[in-house]
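S.K.: I'd like to ask you about the structure that follows.
The values are calculated or read from the model by the stated rules, or taken from the named source; none is laboratory data. For clarity, every value in this text was computed on a predicted model and none was experimentally measured. Cβ placement follows ideal geometry from the backbone for every residue including glycine, while neighbour counts extend to all protein chains displayed. These accessible areas exclude ligands, DNA and RNA; they are computed on the full protein's heavy atoms, side chains included. Shrake-Rupley method; radii C 1.70, N 1.55, O 1.52, S 1.80 Å.
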Amino acid sequence: MTKPFADRPTEDLPGTAQHGTGRDERLVLALPKGRILKAVAPLISHTGMAPARECLEGDSRKLRFPTQDPMVDVVRVRSFDVATFVASGGAQIGICGADVLAEFDYPEIYAPLDLGIGACRISVAQSADLPHDPQEWARWSDVRVATKYPAITRRFFAARGINASIVHLHGAMELAPMLGLSRLIVDLVDTGSTLRANGLKEVETISQVTSRLIVNRTALKTRPEQIASVIARFRAALAMAPAADTV
């Protein structure tokens, strides 16, 4: 039975060793900030690894938090950084969008579970005033595209024989066509309301996106029982969580 946070002794707090080994044996679970963190919270509550409330509320300046399980800590990072933390071994497990996995394509990452959370899509969009003719693309040799997904974008257009000249932005992609920075954008789309509000329309879907449980491959080999236990707990939580929890 896990200890309540208030009853956790000092040696169980982040940044301290335990069991007299001089080595911190806790697993680190990397979670993305923002809407995915809120969406995944009900699922994590079913795993017995729910983080401290201050992690979920988002007001704390702390980045590492204890969980209900004294052998698991949570770090809260930007969604695009989750895969990097796990690939580098800073965190052994994480929750990450399929868009981030596709963009970075880290060989050090194994993604055993689709959590079905945060469903959206990576799409190509353009000005709503312009006609869209897929056959016209076949006549293009190059096109300027604004995106935060340069690798995904280049692969998508290269498969069509088009060289994508990337305008690499981290946000506000919708401004690029109206300010003359690019003809197209590639971005994450949910309802499409932001596109429409800025005079754009979705013209091609590159891929569907949901959040995945990811694991560092080296940790899977060196700590197989602990990692297998976490995967099993998430799999069981998926089976028992109401459908509304994982949408």
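S.K.: Among the numbered conditions (1) part of a loop (DSSP other than H, G, I, E, B); (2) within 24 Å of Gly118 (Cβ to Cβ); (3) touching a residue at least 12 places away in the same chain (Cβ under 8 Å), tell me where Thr191 comes up short.
M.R.: Going through (1) part of a loop (DSSP other than H, G, I, E, B); (2) within 24 Å of Gly118 (Cβ to Cβ); (3) touching a residue at least 12 places away in the same chain (Cβ under 8 Å) one by one, Thr191 breaks only (3).
S.K.: Continuing with this model, one more query. So Val72 ticks every box in (1) open to solvent by 30 Å² or more (accessible area, probe 1.4 Å); (2) in contact (Cβ under 8 Å) with a residue 40 or more places away in the chain; (3) more than 16 Å from the chain's Cα centre (by Cα) but one. Which box is left unticked?
M.R.: For Val72, the failing item is (1).
S.K.: Ok, one more. Being over 17 Å from Ile36 (Cα atoms) and assigned to a loop (DSSP other than H, G, I, E, B) is the filter here, so list the residues in the range 61-71 that pass it.
M.R.: Arg61, Lys62, Gln68, Asp69, Pro70, Met71
S.K.: Within the range 141-179, how many residues turn out to be under 19 Å from Leu101 (Cα atoms), among the hydrophobic types (A, V, I, L, M, F, W, C) and touching a helix residue (DSSP H, G or I) at 6+ places or on another chain (Cβ under 8 Å)?
M.R.: 3
S.K.: I would also like to ask the following. If you go through the range 182-204 one residue at a time, how many are open to solvent by 40 Å² or more (accessible area, probe 1.4 Å) and within 19 Å of the chain's Cα centre (by Cα)?
M.R.: Matching residues across the range 182-204 total 3.
S.K.: Only one of (1) assigned to a strand (DSSP E or B); (2) more than 20 Å from the chain's Cα centre (by Cα); (3) under 25 Å from Met49 (Cα atoms); (4) not basic (Lys, Arg) is not met by Val215, so which one is it?
M.R.: (2)
S.K.: Within the range 155-181, can you find the residues that are crowded, with 18+ Cβ neighbours inside 10 Å and in a helix (DSSP H, G or I)?
M.R.: Phe156, Phe157, Ala176, Pro177
S.K.: I need every pair where a residue in the range 105-132 that is over 26 Å from Val145 (Cβ atoms) has its Cβ under 7 Å from the Cβ of a residue that is among the polar types (S, T, N, Q) and assigned to a loop (DSSP other than H, G, I, E, B), sequence separation at least 6 or different chains.
M.R.: Close Cβ pairs (under 7 Å, with a partner that is among the polar types (S, T, N, Q) and assigned to a loop (DSSP other than H, G, I, E, B)) amount to Asp114/Thr210; Leu115/Thr210; Gly116/Thr210; Ile117/Thr210.
S.K.: Looking only at the range 134-154, count every residue that is open to solvent by 40 Å² or more (accessible area, probe 1.4 Å) and either of a type in the set (Lys, Arg) or under 25 Å from the mean Cα position of the chain (by Cα) (or both) and tell me the total.
M.R.: Number of matching residues: 4.
S.K.: With the requirement that a residue be out of contact with any strand residue (DSSP E or B) (no Cβ under 8 Å at 6 or more places or on another chain), within 27 Å of Arg196 (Cα to Cα) and surrounded by fewer than 16 Cβ atoms within 10 Å (Cβ to Cβ), what does the range 99-133 give you?
M.R.: Of everything in the range 99-133, those that are out of contact with any strand residue (DSSP E or B) (no Cβ under 8 Å at 6 or more places or on another chain), within 27 Å of Arg196 (Cα to Cα) and surrounded by fewer than 16 Cβ atoms within 10 Å (Cβ to Cβ) turn out to be Asp129, Leu130, Pro131, Asp133.
S.K.: Same structure again: Which one of Ala125, Ala91, Ala151 is assigned to a helix (DSSP H, G or I) and among the hydrophobic types (A, V, I, L, M, F, W, C)?
M.R.: So the residue among Ala125, Ala91, Ala151 that is assigned to a helix (DSSP H, G or I) and among the hydrophobic types (A, V, I, L, M, F, W, C) is Ala151.
S.K.: Collect the residues in the range 30-45 that are surrounded by fewer than 19 Cβ atoms within 10 Å (Cβ to Cβ), out of contact with any Asp or Glu (no Cβ under 8 Å at 6 or more places or on another chain) and of a type outside the set (D, E, K, R), keeping them in residue-number order.
M.R.: Result: Gly34, Ala41, Ser45.
S.K.: Filter the range 21-44 down to residues that are in a helix (DSSP H, G or I) and either touching a strand residue (DSSP E or B) at 6+ places or on another chain (Cβ under 8 Å) or touching a residue at least 60 places away in the same chain (Cβ under 8 Å) (or both), then give me how many there are.
M.R.: Within the range 21-44, residues that are in a helix (DSSP H, G or I) and either touching a strand residue (DSSP E or B) at 6+ places or on another chain (Cβ under 8 Å) or touching a residue at least 60 places away in the same chain (Cβ under 8 Å) (or both) number 8.
S.K.: Another question about this same structure. Return yes or no: is Val74 assigned to a strand (DSSP E or B) and at pLDDT 95 or above?
M.R.: Judged against the criteria, Val74 is a match.
S.K.: Would you call Thr67 touching a strand residue (DSSP E or B) at 6+ places or on another chain (Cβ under 6 Å), open to solvent by less than 50 Å² (accessible area, probe 1.4 Å) and hydroxyl-bearing (Ser, Thr, Tyr)? Lay out the reasoning, then the answer.
M.R.: Numbers: touching a strand residue (DSSP E or B) at 6+ places or on another chain (Cβ under 6 Å): yes; open to solvent by less than 50 Å² (accessible area, probe 1.4 Å): yes; hydroxyl-bearing (Ser, Thr, Tyr): yes.
For Thr67, the condition - touching a strand residue (DSSP E or B) at 6+ places or on another chain (Cβ under 6 Å), open to solvent by less than 50 Å² (accessible area, probe 1.4 Å) and hydroxyl-bearing (Ser, Thr, Tyr) - is met.
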